[in-house]
Amino acid sequence: MVPRASLLVARNAGHSLGSYKQSRILVVGGHDGSKYIESCEEYSIEENKFVAWSKLNSMREYHSIEILKTWAYCFGGISNSAYIDTVERMDMEAPEKGWKLMDFKNSAGFPKKNA
């Protein structure tokens, strides 16, 4: 069995995964046990390696990732014990352009944490 490559940035909770083109996996955000993470990396199944991609605009964990056609979307999450109501997107065909904040927020609001 071939050993699998290790993540470039260790994550122990709250990160999200998305698959793209049946052979690539996007790993986004999370928490490393002491701090929130804004990094993003892609794993190539064919090459068995991780490559660093552009960082998110906001560190976050417990967010959602959705990949539609060539766009990756990152929705909400938590950072510094506060809910995040932003959405970011990145063109998977041009990741060097980075994550861009979308022009809308979650208008439904969030419940207060520990309420």
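General remarks:
- Placing pseudo-labels 7 Å out from each Cα toward the beta carbon at A5 and E96 gives an inter-label distance of 1.8 nm.
- Evaluated over the chain, the count of Lys pairs having alpha-carbon atoms less than 28 Å apart is 28 (only pairs 8 or more residues apart or interchain).
- Extreme residue, positive dipole direction of the chain, given options M90, Y36, S16 (C-beta unit charges): Y36
- Here the extension length gained between N80 and K21 equals 17.9 nm, from 0.36 nm per residue of separation less the Cα-Cα distance.
- The overall shape of the stretch 16-104, judged from the alpha-carbon gyration tensor, is oblate: a/c is not under 1.5, and a/b is no greater than b/c.
- Assuming charge only on the beta carbon of Lys and Arg (+1) and of Asp and Glu (-1), the dipole of the stretch 3-115 about its Cα centre is about 260 debye to the nearest 20.
Bear in mind these aren't lab numbers, they're just calculated from the coordinates by the rules spelled out. Source: prediction; values computed, not measured. All Cβ positions, glycine included, derive from the backbone under ideal geometry; neighbour counts span all protein chains shown.
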